[in-house]
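Below is one structure; the comments refer to it alone.
The values are calculated or read from the model by the stated rules, or taken from the named source; none is laboratory data. Bear in mind the structure is a predicted one, so any value in this text is a computation, not a measurement. Neighbour counts run over all protein chains shown; Cβ positions are idealised from the backbone, glycine included. SASA here: full protein model, heavy atoms, side chains in, ligands and nucleic acids out. Shrake-Rupley method; radii C 1.70, N 1.55, O 1.52, S 1.80 Å.
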Amino acid sequence: MTATPAAPPAVPGIANPNIDMDGHLKLAQEAAKHRASRRLTEEQFLKMSQEEGTLVLDARSKEKYDLLHIKGAVNLSFPDITIESLKKTIPDKNTRVLIYCNNNFMNAEAPFPSKAPVASLNISTYISLYSYGYRNIYELGPRLDPAKSKLVFESSPKVQ
């Protein structure tokens, strides 16, 4: 039987001002309270997505976005969410932003592979946008089958 290598001893107090777990947890709690009244039905999401001044944000990878996404959605992959990318993609923090993720869809594993519920991209994206000062955020709530949904989906054209 092979022994598992011992973990190195924890070193308390390693300073890095660019990593703030306590701040993240505090903002995550605030975002959770904010999010509680901002989850939308399919009909609400569809209606709001068609209104002027609304941006539908897809934070999945470009590869998954290209396979299938809600028509008109803007792709900003979650790992690419930064101060600068948000300034470019959503320059006005008052813009109404609608989000959705993999766990909103079933029967479409290639473009929308399921994540563990506690690791849902909706949660991470909502907290991230909230952390950057966006407050006009709404989230698609239910789990839908794209083939039966009232939302319109499209694939990105093939790059030649």
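May I ask you to list the residues in segment 10-61 that are open to solvent by less than 100 Å² (accessible area, probe 1.4 Å) and either modelled with pLDDT under 95 or more than 26 Å from N103 (Cα to Cα) (or both)? Please lay out each step first, then the result.
Filtering segment 10-61 for residues open to solvent by less than 100 Å² (accessible area, probe 1.4 Å) gives 10-11, 13, 15-16, 20, 23-25, 27-28, 30-32, 34-38, 40-46, 48-49, 51, 53-61.
Scanning segment 10-61 gives A10, V11, G13, A15, N16, D20, G23.
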Evaluation of L140 against (1) open to solvent by 40 Å² or more (accessible area, probe 1.4 Å); (2) in contact with a helix residue (DSSP H, G or I) (Cβ under 9 Å, 6 or more places away or on another chain) (one fails), failing number: (1)
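Rundown of residues vs (1) touching a strand residue (DSSP E or B) at 6+ places or on another chain (Cβ under 8 Å); (2) of a type in the set (S, T, Y), yes/no style:
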position: K64; (1), (2): no, no
position: K71; (1), (2): yes, no
position: V74; (1), (2): yes, no
position: S77; (1), (2): no, yes
position: K87; (1), (2): no, no
position: S120; (1), (2): no, yes
position: I127; (1), (2): no, no
position: L140; (1), (2): yes, no
position: L151; (1), (2): yes, no
For segment 120-137, which positions are outside any helix (DSSP H, G or I) and surrounded by 12 or more Cβ atoms within 10 Å (Cβ to Cβ)? S120, Y132, Y134, R135, N136, I137
Check T82 against each of (1) loosely packed, with under 15 Cβ neighbours inside 10 Å; (2) within 21 Å of R38 (Cα to Cα); (3) within 15 Å of the chain's Cα centre (by Cα) and name the one condition it does not meet. (2)
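Do we have I90 as aliphatic (A, V, I, L, M) and open to solvent by 40 Å² or more (accessible area, probe 1.4 Å) here?
no
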Hits in segment 90-120 - residues which are touching a residue at least 40 places away in the same chain (Cβ under 8 Å) and closer than 21 Å to G23 by Cβ: K93
I want to confirm something. Restricting to segment 31-60 and keeping residues that are touching a helix residue (DSSP H, G or I) at 6+ places or on another chain (Cβ under 8 Å) and part of a loop (DSSP other than H, G, I, E, B), which single residue is farthest from S128 (Cα to Cα)? R60
Does G141 fit the bill of being within 18 Å of R38 (Cβ to Cβ) and not polar (S, T, N, Q)? yes
Scan (1) surrounded by 12 or more Cβ atoms within 10 Å (Cβ to Cβ); (2) of a type outside the set (K, R); (3) in contact with a Phe, Trp or Tyr (Cβ under 8 Å, 6 or more places away or on another chain) for the single condition D145 breaks and write down its number. (1)
A careful count of residues in segment 66-89 that are touching a Lys or Arg at 6+ places or on another chain (Cβ under 7 Å) and either in contact (Cβ under 8 Å) with a residue 60 or more places away in the chain or not in a loop (DSSP other than H, G, I, E, B) (or both) gives 1
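Looking for something buried (at least 16 other Cβ atoms within 10 Å of the Cβ) and over 17 Å from E139 (Cβ atoms) - is there at least one such residue anywhere in segment 95-111? Quick ask: steps written out before the conclusion?
Residues of segment 95-111 that are buried (at least 16 other Cβ atoms within 10 Å of the Cβ), as a first pass: 96-105, 108, 111.
This time we only want the ones that are over 17 Å from E139 (Cβ atoms), so: 108, 111.
The answer is yes, given that some residue of segment 95-111 is buried (at least 16 other Cβ atoms within 10 Å of the Cβ) and over 17 Å from E139 (Cβ atoms).
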